[in-house]
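The values are calculated or read from the model by the stated rules, or taken from the named source; none is laboratory data. None of the values given here were measured: they were computed from a predicted structure. Every residue, glycine as well, gets a Cβ built from its backbone with ideal geometry; the counts of neighbours run over all protein chains shown. We work out accessible area using only protein heavy atoms, side chains counted, and drop any ligands, DNA or RNA first. Shrake-Rupley method; radii C 1.70, N 1.55, O 1.52, S 1.80 Å.
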Amino acid sequence: MADSRHDQIDGAKARELSTLLAASQEQFRSFMDHSPALAYMKDEDLRHIYANQPLLDGFGLSIDEFCGTTSRDFMSPEMGQRMDDADTAVLSGKADLLEVEVSVDVRGETRWFRDTKFAVVGRAGERRVGGIAMDVTERRRTEHELQQQAHFESLLSDISASFVNVPSDQMDATIAAALEQVGTCLELDRCTYGHLSLDGTEVHITHVWNRDPLDGVAASYAAADYPWFLTPFVTGQELLWSRSKGLPPASEADIQLLEALDMQCFAGIPVVVGDDVVGCLAFISCTNPRPWNPTAVGRLHLLSRIFGSAIERQRQDLELRKAYDEIRQLKEHLEAENIALKQEVAASFAGYEMVGKSPALREVLFQVEQVAATDSTVLLLGETGVGKELVARAIHAQSRRSDQTLVTVNCAALPSSLIESELFGHEKGAFTGAASRKIGRFEVADGGTILLDEIGDLEAAVQVKLLRILQDGQFERLGSSETRAVDVRVIAATNRDLWTMVDRGEFRDDLYYRLGVFPIHVPPLRERRDDIPLLVWYFVTVLRTRLGKTISTIPPRTMRALSAYDWPGNVRELQNVVERAMITSRGYSLELGAFLPWTRGRESATATRAKDHGMRLADAERAHIVAALERCNWKVGGLDGAAERLGLKRSTLQSRMKKLGIERPA
C-alpha cells in the first residue's frame, strides 16, 4: 500500500518535471527564435541538427531543409575550410570557445558574420558544436569604406604631386595613370575624361580606363543626342545616378547607352577652370548599384580640380611653346636675313645706282622697267664685272616685292657639298657638322627675290631641286621629309654660255627654259665707253670719304687712258683701278701711275674673243684668265695679283682655274 502511494508520488513528480522541462524547452526555443543572433548546432559529423528561426528565415529554408547541411553548402571553399577547422577544434576539446569571422552567401548576397563557437554535451555525453553568429556586414562595409576613403585621400595627394612640373608632352600619360589609380581604388569598372568641342556639338572622349575590355565605347558623342549625360557640361553641376533608384528621366539615346554599357551607377563631375567648364570626369560601375557616398563625391570634385589645373597648365604650356617656336623661327629668319643683308652690302661695291647714259645701258634699263612689275623669272647674261648684280637690284627695287628681302647666292663661291644646304636649309643632324637647324636662302627670301649668281656652276642634283621650286614653289630641307612652300621671285645670272652647256649635257635644258623667260644681256664696259667718264667721277665721289682723299680734278690724259682701255674686268676692274689711283695720288689730281694693266696698243683676251665669234665662251674665259695670270707672273692673290686685276676673290679665281684646267706651266 505504502509502495503504491510512493509510486503515485514519483509519477506525479515525473510528470511535473516533464511538464517543466517541456515548458523550459519551449521558452528556450521561443527565446532563440526571437533573438537577433543566428543560432545553430552541429553533430560530430559537422552537419546541422538545429537552427533558430532568424537563421532559417535568413536563408529562406525550413528546419527540415536546413538540417543535414554543412557550412560548405553556403560558403566558398576557403571559408568552408575555415569553419570546419574551427568546429573540429571545438569538438576535439582543443578549444572550448572560438570566434571566427566569415562571409556567407545569403540568397545570392555576400554577408559577413562573427561566429562564436562553443562545445555542447548531449544526453549521452556526446560532444556537439553550438554557434551564435552576429551579422557584421554593415560594420565591415563601413570599415572598408573608411579604409577606401583613407586610401583615396592618400591617392589624391599622390596624384596631385604627380601633376607638379610634369612636361606637357607627358600630361596625357599622367592623366591616364591617374584614372587607372582612381578606378582601381574605388573598385570601378570605367573612368573617362572628355571635353566639349569648340562649337558645342560633340563630346570627345580623350582618356579612357577600363578594368576589363568593354564594347560600345565611342570616341565622341553628339551633344544633341545625350542631354542627360551632358548635364555636367551644360550646367556645370554633378550628375549622380544609381540603378537602385531606377532609370533616370533621360532621352532614348541616353537610356540605350546606359543599357549598352550595362551601367549600375554613374557619376559625372564637371572639370571647371575659372568660370568655364572645360571637360567632365565620368566614373562608372557595371557591377555595383551602390548609392554615391557624399564624402566620396566630395573627393571626386577635388580630383576634378586637380585635373582642371593640370589641363589648363598644359594648355598654357602648349601656347607658350607655340609662341616660343614662332619667336625662334622669326629669330632664325631675321638672323639669316641679317646675314644675307650683310653679305649683300659687303658684295656691293658702291651703291645701287646704275651710272651711265649710253644707248646700250638705256636699253638695259628699258628692259628692267618692262619686267620689274611682273613676277617672271629673269636671266641676266654678261661678262664678269659688268654689273649684273646692280641690274638684279634694280629689278627688285621696281617690283612689288621691293619692301621685302633681296637675297644673293653666289653659286660658284660655295663648295658643292654646301650649296644645297645653303639654298634649301638643313635639319639638325642631317649631315656631319649639322649641329643645329638652318633655314635656307629660299626661306629667307620668302615673299621677296633671290639672285642666283653664277647659275651655270650648279651641280646636276641641285639643278633638279631648283627646277622643282621654279615649277611648284616647293622644296624639302636636307634631313627632312616635310615639304615647304615659298613665294620667291628668281633672278639668275651667269657669264657662261648656258646653251652650249645644255648641248654638252652640263646644264638641264628644262631648267634653262625655266630660267630664260626674260633674258637680259648686260653689255661689257668696252661697248659703253661713253659711260666711263661718268663712272670714274662716280667712284671718285663715293670713295672720297672712305679713303680720306680729296680728288677734285682728273687730267685729260688720265681720262683718255681710262676710256681707251678695253676693261676685261669691266666695271669692277674700273672701280679697283680708280681706288688704287686715289690711294697713290698725292694731290688733288687723279694720277694713274703704273696701275693701268695694259697699254692701248696691246690687245686683250676679251678683244680677241670679240673678234673671234667662233670661240666658245669657256675657251674665251680660259684665255682671259691665262692672259691675266701671265701679266702677273702667275701670281693668283695679293696686291697686283690676277684675282685683284680680274676683280675676283682669290677662292673664286682658284675655283675657275680648277674647273677650266688652268695650271702654271713648268
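Residues of region 276-302 that are free of Cβ contacts under 8 Å to residues at least 24 places away in the same chain and in a strand (DSSP E or B): ASP276 alone.
Scanning region 382-408 for residues that are aliphatic (A, V, I, L, M) and under 24 Å from HIS624 (Cβ atoms) yields a total of 4.
When region 510-553 is examined, which residues are found to be in a strand (DSSP E or B) and modelled with pLDDT of 90 or more? Write out each step before concluding.
Within region 510-553, the subset in a strand (DSSP E or B) is 518-521, 553.
The answer is PHE518, PRO519, ILE520, HIS521.
Tell me the residue from GLU145, GLU138 that is over 22 Å from ASN52 (Cβ atoms) and open to solvent by 50 Å² or more (accessible area, probe 1.4 Å), please. Even if it seems obvious, please write down each step before you answer.
Working: GLU138 fails: over 22 Å from ASN52 (Cβ atoms).
The conditions single out GLU145.
For region 154-205, enumerate the residues that are among the acidic types (Asp, Glu) and open to solvent by 60 Å² or more (accessible area, probe 1.4 Å).
Restricting attention to region 154-205, the residues satisfying the condition of being among the acidic types (Asp, Glu) are 158, 169, 172, 180, 187, 189, 199, 202.
Answer for region 154-205, where residues must be among the acidic types (Asp, Glu) and open to solvent by 60 Å² or more (accessible area, probe 1.4 Å): ASP158, ASP169, ASP172, GLU180, GLU187, ASP199, GLU202.
Are there helices (runs of 4 or more DSSP H) fully within region 558-663 with at least 3 residues that are farther than 23 Å from GLY456 by Cα and either open to solvent by less than 20 Å² (accessible area, probe 1.4 Å) or modelled with pLDDT of 85 or more (or both)? List them. Spell out the reasoning first.
Details: elements: 570-584, 605-611, 617-631, 642-646, 650-660.
Counting at least 3 such residues, we get 570-584.
Evaluation of TYR226 against the conditions (1) over 19 Å from PHE152 (Cα atoms); (2) buried (at least 18 other Cβ atoms within 10 Å of the Cβ); (3) in contact (Cβ under 8 Å) with a residue 60 or more places away in the chain shows that the sole unmet condition is (3). When you look at ASN495, is it in contact with a Pro (Cβ under 8 Å, 6 or more places away or on another chain) and modelled with pLDDT of 90 or more, yes or no? Criteria not met by ASN495. For region 467-487, indicate whether the set of residues that are touching an Asp or Glu at 6+ places or on another chain (Cβ under 8 Å) and within 30 Å of GLY569 (Cα to Cα) is non-empty. No, region 467-487 contains no residue that is touching an Asp or Glu at 6+ places or on another chain (Cβ under 8 Å) and within 30 Å of GLY569 (Cα to Cα).
Taking the conditions exactly as written (closer than 14 Å to LEU303 by Cα and open to solvent by less than 40 Å² (accessible area, probe 1.4 Å)), does CYS265 satisfy them or not?
Numbers: closer than 14 Å to LEU303 by Cα: no; open to solvent by less than 40 Å² (accessible area, probe 1.4 Å): yes.
Here the answer is no, as CYS265 does not meet what is asked.
In this entry, ARG47 is excluded by the filter for residues that are open to solvent by 60 Å² or more (accessible area, probe 1.4 Å), under 30 Å from ARG141 (Cβ atoms), touching a residue at least 12 places away in the same chain (Cβ under 8 Å) and more than 60 Å from the chain's Cα centre (by Cα).
Please pick out the residue among GLY569, GLY587 that is of a type in the set (Gly, Ala, Ser) and touching a helix residue (DSSP H, G or I) at 6+ places or on another chain (Cβ under 7 Å). Can you show your working first?
On the way: GLY587 fails: touching a helix residue (DSSP H, G or I) at 6+ places or on another chain (Cβ under 7 Å).
None of the others qualify; the one that does is GLY569.
Scanning region 309-323 for residues that are touching a residue at least 24 places away in the same chain (Cβ under 8 Å) and open to solvent by 100 Å² or more (accessible area, probe 1.4 Å) yields a count of 1.
Condition check: in contact with a strand residue (DSSP E or B) (Cβ under 6 Å, 6 or more places away or on another chain), under 30 Å from SER35 (Cβ atoms) and exposed (fewer than 12 other Cβ atoms within 10 Å of the Cβ). Does ASP96 satisfy that?
Details: in contact with a strand residue (DSSP E or B) (Cβ under 6 Å, 6 or more places away or on another chain): yes; under 30 Å from SER35 (Cβ atoms): yes; exposed (fewer than 12 other Cβ atoms within 10 Å of the Cβ): yes.
Considered against the rule, which asks whether it is in contact with a strand residue (DSSP E or B) (Cβ under 6 Å, 6 or more places away or on another chain), under 30 Å from SER35 (Cβ atoms) and exposed (fewer than 12 other Cβ atoms within 10 Å of the Cβ), ASP96 comes out as yes.
Yes or no: region 381-392 includes at least one residue that is modelled with pLDDT under 85, part of a helix (DSSP H, G or I) and buried (at least 19 other Cβ atoms within 10 Å of the Cβ). Looking through region 381-392, none of the residues is modelled with pLDDT under 85, part of a helix (DSSP H, G or I) and buried (at least 19 other Cβ atoms within 10 Å of the Cβ). If the condition is being open to solvent by less than 40 Å² (accessible area, probe 1.4 Å), in a helix (DSSP H, G or I) and out of contact with any Leu (no Cβ under 9 Å at 6 or more places or on another chain), then region 60-93 contributes MET79, GLY80.
Among residues of region 229-254 that are assigned to a helix (DSSP H, G or I), those with a Cβ under 6 angstrom from a residue that is among the small types (Gly, Ala, Ser), sequence gap 6+ or separate chain, pair up as PRO232/GLY268.
Only strands (runs of 3 or more DSSP E) wholly contained in region 413-499 count here; list those with 2 or more residues that are open to solvent by 10 Å² or more (accessible area, probe 1.4 Å) and out of contact with any Cys (no Cβ under 7 Å at 6 or more places or on another chain).
The qualifying strands (runs of 3 or more DSSP E) are 474-476, 483-485.
With respect to (1) modelled with pLDDT of 80 or more; (2) closer than 26 Å to ARG140 by Cβ; (3) open to solvent by 30 Å² or more (accessible area, probe 1.4 Å), the lone exception for PRO36 is condition (1).
Within region 551-575, residues that are closer than 21 Å to GLY382 by Cα and among the hydrophobic types (A, V, I, L, M, F, W, C) sit with their Cβ atoms under 7 Å from residues that are open to solvent by 30 Å² or more (accessible area, probe 1.4 Å) and in a helix (DSSP H, G or I), at 6+ positions apart or across chains, in these pairs: TRP567/ARG526.
Counting the residues of region 106-140 that are farther than 16 Å from ASP45 by Cα, in contact with a strand residue (DSSP E or B) (Cβ under 8 Å, 6 or more places away or on another chain) and either part of a strand (DSSP E or B) or at pLDDT 85 or above (or both) gives 11.
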